[in-house]
Amino acid sequence: MKLIVGLGNPGKEYENTRHNIGFMILDNYINKKNLGLFKSKDNGLFLKTKIKGEDIIFLKPQSYMNLSGEVVRRYVDFYKIDNEDILVISDDLDLSFGNFKLKSTGSSGGHNGLKNIEIHLSTRDYKRFKIGISNCKDIDTKDYVLGKFSKEEQEQLEEIKTNSITILDDYLDLEFSKLMNKYNQKNR
(Lines give C-alpha, C1' and ligand atoms only; values in the text may rest on other atoms or scores of the structure.)
Protein backbone atom coordinates (compact mmCIF):
# COMPACT_ATOMS: atom_id res chain seq x y z
CA MET A 1 0.00 0.00 0.00
CA LYS A 2 1.23 3.47 -0.91
CA LEU A 3 0.31 6.85 0.54
CA ILE A 4 0.58 9.85 -1.78
CA VAL A 5 0.21 13.12 0.10
CA GLY A 6 -0.35 16.49 -1.54
CA LEU A 7 0.42 19.42 0.74
CA GLY A 8 -1.56 22.64 0.89
CA ASN A 9 -3.78 24.75 3.08
CA PRO A 10 -7.54 24.15 3.31
CA GLY A 11 -10.08 26.85 2.49
CA LYS A 12 -11.18 28.98 -0.45
CA GLU A 13 -8.73 31.78 0.38
CA TYR A 14 -5.78 29.43 -0.28
CA GLU A 15 -7.02 27.91 -3.54
CA ASN A 16 -4.63 28.43 -6.45
CA THR A 17 -1.82 29.70 -4.25
CA ARG A 18 1.79 28.60 -4.69
CA HIS A 19 1.81 26.76 -1.37
CA ASN A 20 -1.13 24.61 -2.55
CA ILE A 21 0.58 23.07 -5.55
CA GLY A 22 0.54 19.66 -3.83
CA PHE A 23 -3.27 19.78 -3.62
CA MET A 24 -3.45 20.86 -7.29
CA ILE A 25 -1.25 18.00 -8.50
CA LEU A 26 -3.35 15.41 -6.62
CA ASP A 27 -6.65 16.90 -7.80
CA ASN A 28 -5.45 16.96 -11.40
CA TYR A 29 -4.17 13.37 -11.28
CA ILE A 30 -7.35 12.02 -9.73
CA ASN A 31 -9.58 13.94 -12.17
CA LYS A 32 -7.59 12.97 -15.28
CA LYS A 33 -7.52 9.31 -14.21
CA ASN A 34 -11.19 9.42 -13.16
CA LEU A 35 -10.39 7.71 -9.86
CA GLY A 36 -13.34 8.99 -7.84
CA LEU A 37 -14.09 11.52 -5.14
CA PHE A 38 -12.31 12.42 -1.93
CA LYS A 39 -13.92 11.49 1.38
CA SER A 40 -13.35 13.21 4.71
CA LYS A 41 -11.75 11.40 7.65
CA ASP A 42 -9.39 12.32 10.51
CA ASN A 43 -8.89 15.90 9.33
CA GLY A 44 -7.94 14.77 5.84
CA LEU A 45 -9.53 14.40 2.43
CA PHE A 46 -8.59 10.99 1.10
CA LEU A 47 -9.27 8.65 -1.77
CA LYS A 48 -8.43 4.97 -1.49
CA THR A 49 -8.25 3.07 -4.76
CA LYS A 50 -6.45 0.22 -6.49
CA ILE A 51 -4.03 0.88 -9.30
CA LYS A 52 -2.47 -2.11 -11.03
CA GLY A 53 -3.52 -4.33 -8.12
CA GLU A 54 -1.95 -2.16 -5.40
CA ASP A 55 -3.87 -0.16 -2.79
CA ILE A 56 -3.12 3.55 -3.12
CA ILE A 57 -4.30 6.28 -0.76
CA PHE A 58 -4.27 9.87 -1.95
CA LEU A 59 -4.37 12.35 0.94
CA LYS A 60 -4.83 16.10 1.28
CA PRO A 61 -4.37 17.03 4.97
CA GLN A 62 -7.01 19.56 6.02
CA SER A 63 -5.00 21.03 8.86
CA TYR A 64 -2.89 24.03 8.00
CA MET A 65 0.42 23.33 6.28
CA ASN A 66 2.52 23.50 9.45
CA LEU A 67 0.36 20.76 11.07
CA SER A 68 0.31 18.34 8.10
CA GLY A 69 2.37 15.74 9.97
CA GLU A 70 -0.37 15.09 12.52
CA VAL A 71 -2.78 14.08 9.75
CA VAL A 72 -0.19 12.03 7.86
CA ARG A 73 0.69 10.16 11.08
CA ARG A 74 -2.97 9.19 11.65
CA TYR A 75 -3.23 7.71 8.15
CA VAL A 76 0.12 5.94 8.43
CA ASP A 77 -0.96 4.36 11.73
CA PHE A 78 -4.50 3.47 10.64
CA TYR A 79 -3.46 1.88 7.33
CA LYS A 80 -0.13 0.54 8.65
CA ILE A 81 1.89 2.19 5.90
CA ASP A 82 5.67 1.87 5.86
CA ASN A 83 7.64 5.11 5.61
CA GLU A 84 9.25 3.91 2.38
CA ASP A 85 5.76 3.79 0.81
CA ILE A 86 5.02 7.48 1.44
CA LEU A 87 5.38 10.12 -1.27
CA VAL A 88 4.82 13.77 -0.31
CA ILE A 89 4.19 16.38 -3.02
CA SER A 90 5.10 19.93 -2.01
CA ASP A 91 6.19 23.31 -3.26
CA ASP A 92 9.88 24.26 -3.13
CA LEU A 93 11.18 27.83 -3.04
CA ASP A 94 14.72 26.78 -3.96
CA LEU A 95 13.75 25.34 -7.34
CA SER A 96 12.97 27.49 -10.38
CA PHE A 97 9.30 27.67 -11.23
CA GLY A 98 8.17 24.47 -12.91
CA ASN A 99 11.32 22.50 -12.15
CA PHE A 100 11.01 19.57 -9.79
CA LYS A 101 13.11 17.20 -7.78
CA LEU A 102 12.42 13.68 -6.59
CA LYS A 103 14.18 12.74 -3.36
CA SER A 104 14.14 9.57 -1.29
CA THR A 105 15.19 11.33 1.92
CA GLY A 106 16.58 14.63 3.12
CA SER A 107 15.84 17.68 5.17
CA SER A 108 12.72 19.80 5.12
CA GLY A 109 14.66 22.63 3.51
CA GLY A 110 12.75 25.03 5.77
CA HIS A 111 9.35 23.88 4.48
CA ASN A 112 7.00 23.87 7.49
CA GLY A 113 4.77 21.10 6.16
CA LEU A 114 7.72 18.76 5.59
CA LYS A 115 9.22 19.76 8.94
CA ASN A 116 6.00 18.75 10.72
CA ILE A 117 5.83 15.45 8.83
CA GLU A 118 9.41 14.66 9.89
CA ILE A 119 8.51 15.39 13.53
CA HIS A 120 5.43 13.16 13.49
CA LEU A 121 7.01 10.31 11.52
CA SER A 122 10.24 10.60 13.55
CA THR A 123 12.22 10.26 10.35
CA ARG A 124 13.38 12.05 7.21
CA ASP A 125 13.16 8.79 5.27
CA TYR A 126 10.11 9.24 3.09
CA LYS A 127 9.92 10.13 -0.58
CA ARG A 128 9.40 13.67 -1.83
CA PHE A 129 8.23 15.17 -5.08
CA LYS A 130 9.21 18.83 -4.81
CA ILE A 131 7.84 21.29 -7.35
CA GLY A 132 9.62 24.60 -7.86
CA ILE A 133 7.75 27.82 -7.23
CA SER A 134 10.91 30.00 -7.33
CA ASN A 135 11.49 32.64 -4.71
CA CYS A 136 10.82 36.32 -4.92
CA LYS A 137 13.30 38.19 -2.73
CA ASP A 138 11.21 41.38 -3.06
CA ILE A 139 8.19 39.88 -1.27
CA ASP A 140 8.02 38.42 2.23
CA THR A 141 8.26 34.62 1.92
CA LYS A 142 4.94 34.01 3.68
CA ASP A 143 3.13 36.45 1.39
CA TYR A 144 4.83 34.95 -1.66
CA VAL A 145 3.95 31.30 -0.97
CA LEU A 146 0.38 32.26 -0.02
CA GLY A 147 0.08 34.43 -3.14
CA LYS A 148 -1.75 33.48 -6.31
CA PHE A 149 0.09 32.36 -9.42
CA SER A 150 0.87 35.06 -11.97
CA LYS A 151 -0.72 34.81 -15.42
CA GLU A 152 2.57 33.50 -16.85
CA GLU A 153 2.87 30.91 -14.05
CA GLN A 154 -0.73 29.79 -14.62
CA GLU A 155 0.11 29.03 -18.25
CA GLN A 156 3.14 26.98 -17.16
CA LEU A 157 1.07 25.25 -14.48
CA GLU A 158 -0.79 23.22 -17.13
CA GLU A 159 2.51 21.76 -18.33
CA ILE A 160 3.54 21.01 -14.74
CA LYS A 161 0.26 19.18 -14.14
CA THR A 162 0.67 17.15 -17.34
CA ASN A 163 4.26 16.21 -16.46
CA SER A 164 3.16 15.27 -12.95
CA ILE A 165 0.67 12.73 -14.28
CA THR A 166 3.49 10.90 -16.07
CA ILE A 167 5.75 11.09 -13.01
CA LEU A 168 3.04 9.72 -10.69
CA ASP A 169 2.22 6.93 -13.16
CA ASP A 170 5.90 5.99 -13.24
CA TYR A 171 6.14 6.26 -9.44
CA LEU A 172 3.58 3.47 -9.24
CA ASP A 173 5.61 1.33 -11.68
CA LEU A 174 9.31 1.98 -11.07
CA GLU A 175 11.76 1.61 -8.22
CA PHE A 176 12.27 5.07 -6.77
CA SER A 177 15.98 5.16 -7.65
CA LYS A 178 15.06 4.55 -11.30
CA LEU A 179 12.35 7.21 -11.11
CA MET A 180 14.87 9.74 -9.78
CA ASN A 181 17.38 8.81 -12.49
CA LYS A 182 14.74 9.14 -15.18
CA TYR A 183 13.38 12.55 -14.17
CA ASN A 184 15.92 14.43 -12.07
CA GLN A 185 18.49 14.43 -14.87
CA LYS A 186 16.04 15.83 -17.43
CA ASN A 187 15.11 18.61 -15.10
CA ARG A 188 18.31 20.62 -14.87
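The values are calculated or read from the model by the stated rules, or taken from the named source; none is laboratory data. It should be emphasised that the depicted structure is a prediction, and the values quoted were computed from it without experimental measurement. Cβ sites come from the backbone with ideal geometry, for glycine too, and all protein chains shown count toward neighbours. Side chains are part of the model used for accessible areas, which takes the heavy atoms of the whole protein and leaves out ligands, DNA and RNA. Shrake-Rupley method; radii C 1.70, N 1.55, O 1.52, S 1.80 Å.
Summary of values
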{"quantity": "Within the range 160-188, considering residues that are part of a loop (DSSP other than H, G, I, E, B) and open to solvent by less than 70 Å² (accessible area, probe 1.4 Å), the one modelled with the lowest pLDDT", "calculated": "N187"}
{"quantity": "Residue pairs meeting the criteria (Cβ under 8 Å; at least 6 apart or on separate chains; first more than 17 Å from I25 (Cα to Cα) and open to solvent by less than 100 Å² (accessible area, probe 1.4 Å), in the range 143-159; second modelled with pLDDT of 80 or more and part of a helix (DSSP H, G or I))", "calculated": "Y144/R18; G147/R18"}
{"quantity": "Sole residue being assigned to a strand (DSSP E or B), under 25 Å from N163 (Cα atoms), open to solvent by less than 70 Å² (accessible area, probe 1.4 Å) and of a type in the set (G, A, S), chosen from S90, S107", "calculated": "S90"}
{"quantity": "Yes/no for R73 being part of a loop (DSSP other than H, G, I, E, B), at pLDDT 90 or above and either farther than 22 Å from D42 by Cα or within 16 Å of the chain's Cα centre (by Cα) (or both)", "calculated": "no"}
{"quantity": "Positions within the range 22-55 being touching a Phe, Trp or Tyr at 6+ places or on another chain (Cβ under 9 Å), closer than 28 Å to L95 by Cα and in contact (Cβ under 8 Å) with a residue 40 or more places away in the chain, in sequence order", "calculated": "G22, I25, L26, Y29"}
{"quantity": "All positions within the range 3-21 that are on the phi < 0 side of the Ramachandran plot, open to solvent by 40 Å² or more (accessible area, probe 1.4 Å) and touching a residue at least 12 places away in the same chain (Cβ under 8 Å)", "calculated": "Y14"}
{"quantity": "Subset of the range 49-67 [more than 11 Å from the chain's Cα centre (by Cα) and outside any loop (DSSP other than H, G, I, E, B)]", "calculated": "T49, K50, I51, E54, D55, I56, I57, M65, N66, L67"}
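To keep it simple, each residue is scored yes or no on (1) over 20 Å from K161 (Cα atoms); (2) among the β-branched types (V, I, T); (3) in contact with a helix residue (DSSP H, G or I) (Cβ under 6 Å, 6 or more places away or on another chain).
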residue: T17; (1), (2), (3): no, yes, no
residue: F23; (1), (2), (3): no, no, no
residue: K33; (1), (2), (3): no, no, no
residue: L37; (1), (2), (3): no, no, no
residue: D55; (1), (2), (3): yes, no, no
